[in-house]
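Worksheet: one structure, shown below.
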Amino acid sequence: MIDYLWLVPALPFLGFLILTFFGKKLSKNAISFVGAGSVGLAALLTIIIGIQFLLSPPEGNFFNQKLWTWMSVGGMSPSIAFHLDALSLIFIFVITFVGFLIHVYSTEYMLEDEGFARFLSFMNLFVGSMLVLILADNLALMYLGWEGVGLCSFLLIGFWYKEPANAAAARKAFIVTRVGDTAMALGLFLLIVNFNTLNIQEILHTAPSQWTAGNSTAVWIAFLLLGGAVGKSAQLPLQTWLPDAMAGPSPVSALIHAATMVTAGVYLIARNHVLFELAPSAMSAVAIIGAATLLMAGFAAIVQNDIKRVLAYSTISQIGYMFLALGVGAWSAGVFHFMIHAFFKALLFLGAGAVIHALHHEQNMFKMGGLRKELPIVFWTFLAGSAALSALPLISAGFYSKDAILWYAWSSDKGSLILWAAAFFGAFVTSIYTFRMVFLTFWGKMKTHVHIHLGNAMQVPLIVLAVLSILGGFIETPHSLGHITLFSGFLNPVLPEVQLNHGGEFTEIILQIVTALTGFLGIFLAWHFWYKKPAMVYNFKQTSLGTGLYKLWLSGWAFDWVYDTLFVKPFIKLSQINKDDIVDQLNIGLAGLVNWLHSLVKKTQNGNIRWYATGIAIGLVITLTIVLFL
């Protein structure tokens, strides 16, 4: 079955083509079948290929499939070819399986929307593009998938384009991520200059023999690739697009945040880990950016009123944890948290979407409340996702993935007390904003009545993801809890093991206990301040300090204001000053000439048949004269 690997991305693309060309002619049931079924078949095929890969690993623990040569220029011949190993298998499993659940959910959530077929076609294209990005055996093909997910994010964030704010959010996502994409493209050009190839495995094999650690070229390339990763994964300083991306429908948020676009940067760094290991300063930058981002986004999440914006900042924060893990050399831990995060963040976004759907598009948590009895399945599954996000010890998958990152931030040879402290404090903040969201949404008095009760298409994906959010972590446990290493062991042929500098089992247990107690403290504070005595928060907000912090964090630390002041407004002003320069005059003159010539030619088309006949006769005479005399 592994020979059918090409079908994994091809099936979503086929669904996209069918829905694009025939969607208006199909019934809604047929649209649902094609949209969700194409991704479902891709997920099923991925599982079958994964089982074969586990039971009978290919030679070298990887499989290459070349379909055709894409182009041949300047001695380079990048191919349309796929590379399957443990790393790409994990990613395509998450993309197809979680993506399938989101598609099933969408068949009910978006059923009454006038653009139902268009929506599922874009979702199929999104999944297909992400699969190409992951499976690509060369960076040129990866970049094609990279830009494909950027296009799809634009189409889906602005899906309800009749609302100006939605179109603006889509443009913002497209433009901000282009900054990172440009950096990545420059990095690819440098790789071509140095290796005359963009084949990933060839570069990773050749680079250590060509460069020593700290080589300036390796550092430049690593930083440029990091720029691309920062843009796609919404890390500092290019994180501003992600909260506004909540303008899209909730299934879009789930797909972008859990299974596709924002995790592309994590994959890019992990896949090119050899280049980053040759650039220690870039590795440090990855860790520092991750630590700073997880704290910044965590504080911003504490004050948000929109349930989806809380989850958006949460995603930025959790991707920060993944960057921190990659930056300290804990490659497998970062990828493990990616997988677990995909389960619980998809669950939380779909749960939030279910609440919004049931409350007739209400997204303000302060207008919710008391929903645990009205929406019991949504409540219990959302609680499971919240437990995983808060890393509740022992009972949630998020505990095992986040605990590994905290431990390696402390004990790895690239870790430090400062990085551990940032991750630790971030975990405390996470438990506060997560359960603030839970208490405001599901406890207290009901402020908005439930208008719609959910069907199976929306509830079943929630249940499946809730189970994975609880049980998914038991494939990788710490030394103090059995030291199961199924996940990291599976990735060992692809990603190097983390190098420990200090620490021991006793230290690990102490840190786990401290982190667990702090997490419970965060839950208690959320209960006390936003459920038991909300007046205390209100009173603090009335103080000058409280007002300042509230406005600063609500605005996402005022990054949009800074960028508008430094870049957007000056650019607009210069454009207005420069609108009548010589270049514009040349274009205006050219357009005027074309219009004048058009007006002359137009006069020949006056509807007079005799004029047309005369013109034909004159043309015939001129043609015969040329033939006879020349």
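For the range 29-52, how many residues are surrounded by fewer than 18 Cβ atoms within 10 Å (Cβ to Cβ) and touching a helix residue (DSSP H, G or I) at 6+ places or on another chain (Cβ under 6 Å)? The number of residues fulfilling the criteria is 1.
Taking helices (runs of 4 or more DSSP H) as the structural unit, no element lying wholly within the range 542-584 holds at least 3 residues that are farther than 26 Å from ASP306 by Cα and modelled with pLDDT of 95 or more. Among the residues of the range 421-432, is there at least one that is hydroxyl-bearing (Ser, Thr, Tyr), out of contact with any Leu (no Cβ under 6 Å at 6 or more places or on another chain) and crowded, with 19+ Cβ neighbours inside 10 Å? Scanning the range 421-432 turns up at least one residue that is hydroxyl-bearing (Ser, Thr, Tyr), out of contact with any Leu (no Cβ under 6 Å at 6 or more places or on another chain) and crowded, with 19+ Cβ neighbours inside 10 Å. Of the residues examined, TYR161 is one that is of a type in the set (Ser, Thr, Tyr) and without any contact (Cβ under 8 Å) to a residue 40 or more places away in the chain. Residues of the range 377-399 that are surrounded by 24 or more Cβ atoms within 10 Å (Cβ to Cβ) and either in contact with a Ser or Thr (Cβ under 6 Å, 6 or more places away or on another chain) or on the phi > 0 side of the Ramachandran plot (or both): ALA384, GLY385, SER386, ALA387, ALA388, LEU389, SER390, ALA391, ALA397. Selection of first residues in the range 577-597 that are of a type in the set (S, T, N, Q) and of second residues that are part of a helix (DSSP H, G or I), restricted to Cβ pairs under 9 Å at least 6 apart or on distinct chains, gives the following pairs, ordered by first then second residue: ASN578/ASP584. Determine whether THR625 is over 29 Å from ALA245 (Cα atoms), free of Cβ contacts under 8 Å to residues at least 24 places away in the same chain and not in a helix (DSSP H, G or I). When the stated conditions are applied, THR625 does not pass them. The listed residues are THR604, THR543, THR614, THR623, and the only one of them that is within 30 Å of TYR433 (Cβ to Cβ) and out of contact with any Leu (no Cβ under 6 Å at 6 or more places or on another chain) turns out to be THR543.
So that you can scan it fast, the table gives a plain yes or no per residue for (1) touching a Phe, Trp or Tyr at 6+ places or on another chain (Cβ under 6 Å); (2) assigned to a helix (DSSP H, G or I):
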residue	(1), (2)
TYR400	no, yes
ALA404	no, yes
TYR408	no, yes
LYS414	no, no
TRP420	yes, yes
PHE425	no, yes
PHE428	no, yes
PHE435	no, yes
PHE439	yes, yes
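Please name all residue pairs, on different chains or six or more residues apart, with Cβ atoms under 7 Å, provided the first residue is in the range 475-504 and is farther than 20 Å from HIS273 by Cα and the second residue is surrounded by 14 or more Cβ atoms within 10 Å (Cβ to Cβ) and of a type in the set (Asp, Glu). Every condition considered, the pairs that remain are PRO478/ASP403; PRO478/GLU508; HIS479/GLU508; SER480/GLU508; ILE484/GLU476; THR485/GLU476; LEU486/GLU476. Figure legend. Inter-residue proximity from the range 239-251: first residues within 15 Å of GLY351 (Cα to Cα), second residues among the acidic types (Asp, Glu), beta-carbon distance below 7 Å, spacing 6+ or different chains. Indicated pairs: MET246/ASP306.
So is ILE134 farther than 26 Å from VAL73 by Cα, surrounded by 21 or more Cβ atoms within 10 Å (Cβ to Cβ), out of contact with any Pro (no Cβ under 6 Å at 6 or more places or on another chain) and assigned by TED's automatic domain parsing to the domain that holds SER233 or not?
Working: farther than 26 Å from VAL73 by Cα: no; surrounded by 21 or more Cβ atoms within 10 Å (Cβ to Cβ): yes; out of contact with any Pro (no Cβ under 6 Å at 6 or more places or on another chain): yes; assigned by TED's automatic domain parsing to the domain that holds SER233: yes.
Criteria not met by ILE134.
Residue-by-condition table, conditions (1) aromatic (Phe, Trp, Tyr); (2) more than 23 Å from PHE442 (Cβ to Cβ); (3) touching an Asp or Glu at 6+ places or on another chain (Cβ under 6 Å); (4) not assigned by TED's automatic domain parsing to the domain that holds LEU236:
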{"residue": "LEU295", "(1), (2), (3), (4)": "no, yes, no, yes"}
{"residue": "PHE299", "(1), (2), (3), (4)": "yes, yes, no, yes"}
{"residue": "VAL303", "(1), (2), (3), (4)": "no, no, no, yes"}
{"residue": "GLN318", "(1), (2), (3), (4)": "no, no, no, yes"}
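Examine the range 587-604 for a residue that is outside the structural domain of ILE302 (by TED's automatic domain parsing), outside any helix (DSSP H, G or I), at pLDDT below 80 and farther than 27 Å from VAL179 by Cβ, and state whether such a residue exists.
The first filter runs over the range 587-604 and keeps only residues outside the structural domain of ILE302 (by TED's automatic domain parsing), leaving 587-604.
The next check asks that each one be outside any helix (DSSP H, G or I); those that pass are 603-604.
Going one step further and asking which of them are at pLDDT below 80, we end up with 603-604.
Now restrict to residues that are farther than 27 Å from VAL179 by Cβ: 603-604.
Scanning the range 587-604 turns up at least one residue that is outside the structural domain of ILE302 (by TED's automatic domain parsing), outside any helix (DSSP H, G or I), at pLDDT below 80 and farther than 27 Å from VAL179 by Cβ.
Here LEU242 clears all of (1) hydrophobic (A, V, I, L, M, F, W, C); (2) touching a Leu at 6+ places or on another chain (Cβ under 9 Å); (3) buried (at least 24 other Cβ atoms within 10 Å of the Cβ); (4) part of a helix (DSSP H, G or I) except the condition numbered (2).
Residues in the range 484-512 that are among the hydrophobic types (A, V, I, L, M, F, W, C) and within 27 Å of ILE90 (Cβ to Cβ): ILE484, LEU486, PHE487, PHE490, LEU491, VAL494, LEU495, VAL498, LEU500, LEU511.
Considering each residue of the range 455-468 in turn, at least one proves to be in a loop (DSSP other than H, G, I, E, B), in the same structural domain as ALA300 (by TED's automatic domain parsing), over 22 Å from HIS341 (Cα atoms) and in contact (Cβ under 8 Å) with a residue 24 or more places away in the chain.
For the range 476-513, give me the residue count where each residue is more than 20 Å from ARG271 (Cα to Cα) and aromatic (Phe, Trp, Tyr). So the count comes out to 1.
Look through SER106, SER153 and report the one residue that is among the hydroxyl-bearing types (Ser, Thr, Tyr), at pLDDT below 95 and part of a helix (DSSP H, G or I). Criteria check complete, one pass: SER153.
Pairing residues of the range 505-531 that are more than 22 Å from PHE439 (Cβ to Cβ) and assigned by TED's automatic domain parsing to the domain that holds ALA421 with residues that are modelled with pLDDT under 90 and part of a helix (DSSP H, G or I), at Cβ distances under 7 Å and at least 6 apart in sequence or on separate chains, gives GLU505/HIS479; GLU505/SER480; GLU508/HIS479; GLU508/SER480; ILE509/SER480; GLN512/SER480.
The values are calculated or read from the model by the stated rules, or taken from the named source; none is laboratory data. All values reported here derive from a predicted model rather than from experimental measurement. Note that we place each Cβ from the backbone using ideal geometry, even for glycine, and neighbour counts take in every protein chain shown.
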